[in-house]
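Visitor: The following block contains the structure, expressed as structure tokens.
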Amino acid sequence: MRILVTAGPTREYFDDVRYLSNASSGRMGYAIVAAAIARGWEVVLVSGPVELAPPVGCEYHPVVTTAQMRDAAVRLFPDCDGVIAAAAVCDYKPKERIQGKMSKSGGPVTFDMIETDDVLAELGRCKENRWVVGFALEAQNPRENALQKLRKKNCDWIVLNGPEAIGAESNSVEFINAETDTVAHWTGTKTEVASALIDWLAEHATS
């Protein structure tokens, strides 16, 4: 099995030094990579900026922006059997990036924001005979929102977790299939949850 994993946050820059991002540590995605390698799978990791070393044995592609993650993922996906999209990408970016460093003006500053590329949706559209696992981090109406994401982005399965997972050592997730059935619940360290996910996919996922 050869899989693609996306992990970590992305950054969208306002100017050359300031950016919009989130608090994703990348631990969940990196734990998934390590678990897959331990099972003997080939793993291609596309990662945003994190303070983690890539697991030994993976093919590593560092990126910064959502567009860079999209380009790398779409380019690498055709040579894989499936993808686990654990990255926490920015949903919005400034409409225009200021060159240099913006100086204080003494007054309020307003930016026009536009949506970034939808990496998971694009992978879902071009999956053909490959499988797609998405992640949904939801605070309000979590299961309903996760099911909408599952359908809209053409995922085979989706991992539902909450905001408490951000930056934490542990996680509690619900694993949902394309028929909207909950096929597993896993709670524990991110290493334990990652191992359970990879074990499940090893038994059930085909390409």
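Derivation of every value follows stated rules applied to the coordinates shown; laboratory data play no part. On a predicted model such as this, the values are computed, not experimentally measured, just so you know. Quick reminder, even Gly has a Cβ in these numbers, built from the backbone with ideal geometry, and neighbours come from all protein chains shown.
Visitor: Quick check: Cα centre of segment 72-145 to Cα centre of segment 160-198, how many Å?
Guide: 20
Visitor: For labels at E192 and F111 in the simple 7 Å Cα→Cβ model, what's the distance in nm?
Guide: Once both label points are built, they end up 3.9 nm from each other.
Visitor: Something else: Return the long-range amide H neighbours of S170 (sequence gap of 5 or more, or a different chain), with a cut-off of under 5 Å between placed amide H atoms.
Guide: The list, which skips near neighbours in sequence, is K190.
Visitor: Which whole-Hz couplings ³J(HN,Hα) result when phi for each residue of segment 91-102 is put into the Karplus expression 6.51 cos²θ - 1.76 cosθ + 1.60, θ = phi - 60°, listed in order with x for Gly and Pro?
Guide: 7, 9, 9, x, 4, 10, 9, 7, 6, x, 10, 5
Visitor: Tell me which trypsin sites (Lys or Arg not before Pro) from segment 69-145 have a DSSP coil assignment and no more than 15 other beta carbons within 10 Å of their own.
Guide: Of the trypsin sites (Lys or Arg not before Pro), the ones in loops of segment 69-145 whose Cβ has at most 15 other Cβ atoms within 10 Å are K95, R97, K101, K104.
Visitor: Determine ³J(HN,Hα), in whole Hz, for all residues of segment 27-35 in sequence, where each value follows from phi through the Karplus function 6.51 cos²θ - 1.76 cosθ + 1.60 and θ = phi - 60°; x replaces Gly and Pro.
Guide: 4, 5, x, 5, 5, 5, 4, 4, 5
Visitor: Calculate the spin-label point distance for W200 paired with E144, positioning each point 7 Å from the Cα along the beta-carbon direction, and give it in nanometres.
Guide: Output for this residue pair reads 2.3 nm.
Visitor: Let me ask another. If each of D71 and N22 carries a label point 7 Å out from its Cα toward its Cβ, how far apart are those two points in nm?
Guide: 2.3
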